[in-house]
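What follows is calculated from the coordinates using simple rules that are stated; it is not laboratory data. Keep in mind the model is a prediction, meaning the values are calculated, not measured. Don't worry about glycine lacking a Cβ; one is built from the backbone with ideal geometry, like all the others, and counts go over all protein chains shown.
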Amino acid sequence: MGLEGIIENIALRLPELPRPPRKNLFQILGVQSKETLNSRILAYYFNPKEDHGLGLLFFNSLQELIAEKCNIEIENYSGEFFVFTEDSTSRIKEQELKYKSIDISIDGKDWSIIIENKLNHHLDNPLDVYWDHKKEDFKKLVGIILSLRPIPEKKCTSKKGRSYINITHQELVRQVQSNLNMEGGLSHTSLIYLYEYFKNIQTHYETKIAEKPMNEIVKALNNQGKEVLQIQNKVDRAVEYIDNQVLTIFENNGYERKSSGLIHPQSNHQIRFWVNGGREIILNNEIRFVIESFSQTDLVIRNNEKEFFDFLQKKSKSNPFFTYGNTNGSRTRTHLVKYSNENFLGENDIFSEKFEELLNEYFFEKGGIVDVIEEYLSNKLGEINKEAEINE
């Protein structure tokens, strides 16, 4: 089987890549997995006195889940309450346990709901310490472990046998969504905040959903490992070949590769070429190259920009794939001419021949773009030097 057949065969066997979901605000800020931040947001929503306009929506939804999961008279956990985050276990006598923190505490008159909030970390917390701290002030306690995935009941039980209720973030969000009354006149801001919170929780589950197709891709690549490696090696060799072809064509016209680009050592001016890499040329069939000014020559161009581009376009051949002027936003160099073609090679084209023909026709031939740029700069520098002599 030829290389094209191998590539086609592997491509047909590979599942489609999962489509990445659009980022939410928490992801943009890089805080989507911060448990302390998530606890503060939940505390904000659990507190009916806050300005979210949702009243007891989150707290009532939590109560319903507690009642659903265990035999507790949830009516005993009602009335006025206060919500705290990072509640320090200061009532514990042992010094080394005295300053542990409960992620969220919802404290009523004689009851307290302890919430251990887990996003990505394993459950390895002093559950008994939390309980002992709270029982000093409250008769009725409920412990909750809020996690992304369900946790076995055994792991939710402390060393002293206190059972914490496991509720997942997804269960809480769904309960809130089912109880949400969209006719309640919520402000636009409140809706945006709530949507972004829901979306952030959902992203943790979307990552899990994406695991199946990605595992299938890994398995398929593993089964076709030798063929994939063969393709990779040939791509690497082809990329190296194209990069060398580009360099050879420029070297044949007197240019040398420098760290900053392709430069003609006999030029009196600071202009250079830059060409995109062979990998992009091969895999995307896209070629982009630019001739640009830099350093002192760039100052001359910038100070006479309109005059220069009028001169260049008047005296050189045009091409539909050319753009003139600075398209990179840099203040240290100016794109004089940029060529960009996203469908460079046709079915029967040979890269080196087509690229060399393009450069020769528009840039390297006598009277081409390089000569026009050199002519303008020589004339302009002559004018500048003459004016300087007169002023002296």
Around G79: net Lys/Arg minus Asp/Glu count, Cβ-Cβ under 13 Å:
-2
So for the chain, considering every pair of alpha-carbon atoms, how many percent are separated by more than 41 Å?
50
37 °C / 0.692 mPa s Stokes-Einstein diffusion coefficient of the range 294-392, Kirkwood radius on C-alpha pairs, µm²/s
214
Only four residue types carry charge here, +1 at the Cβ of Lys and Arg and -1 at the Cβ of Asp and Glu. Report the dipole size of the range 231-391 about the Cα centre in Debye, rounded to the nearest 20.
400
For the range 25-207, evaluate the Debye formula with one uniform point scatterer on each Cα (no solvent term) and list log10 I(q)/I(0) at q = 0.10, 0.18 Å⁻¹, rounded to two decimals.
-0.39, -1.30
Heads up, the range 284-333 by the C-alpha gyration tensor (a ≥ b ≥ c square roots of eigenvalues; a/c under 1.5 rounded, else a/b over b/c prolate, else oblate) looks oblate
Above 22 angstrom, tally the Cα pairs of the range 29-105 and express them as a % of all pairs, no decimals.
40
Per-bin percent of Cα-Cα distances, the range 61-142 [5 Å]
3, 14, 24, 24, 20, 11, 4, 0
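Taking the Cα centre of the chain as origin, work out the dipole magnitude from +1 charges on Lys and Arg Cβ and -1 charges on Asp and Glu Cβ, in debye rounded to 20.
Roughly 1380 debye for the chain.
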Mean separation of Cα contacts under 8 Å (at least 6 apart) over the residue count of the range 311-392, i.e. the relative contact order in percent, is 28
How would you rank 335-346, 232-243, highest first, on the average number of other Cβ atoms within 10 Å across their residues?
335-346, 232-243
Would you work out which of N285, M214, V246 lies farthest towards the positive end of the dipole of the range 197-311? Charges go on Cβ: Lys and Arg +1, Asp and Glu -1.
M214
Computed ³J(HN,Hα) along the range 141-146: with the Karplus parameters 6.51/-1.76/1.60, θ = phi - 60°, integer Hz and x for glycine or proline, the list is 10, 10, x, 10, 10, 9
How much mean residue ellipticity at 222 nm does the chain get from its helices, if each DSSP H run of length 4 or more adds -39500 (n - 2.57) and you divide by all residues, to the nearest 500 deg cm²/dmol?
-15000 deg cm²/dmol
With +1 on the Cβ of every Lys and Arg and -1 on the Cβ of every Asp and Glu, and nothing else charged, how large is the dipole of the range 297-392 about its Cα centre, in debye rounded to the nearest 20?
360
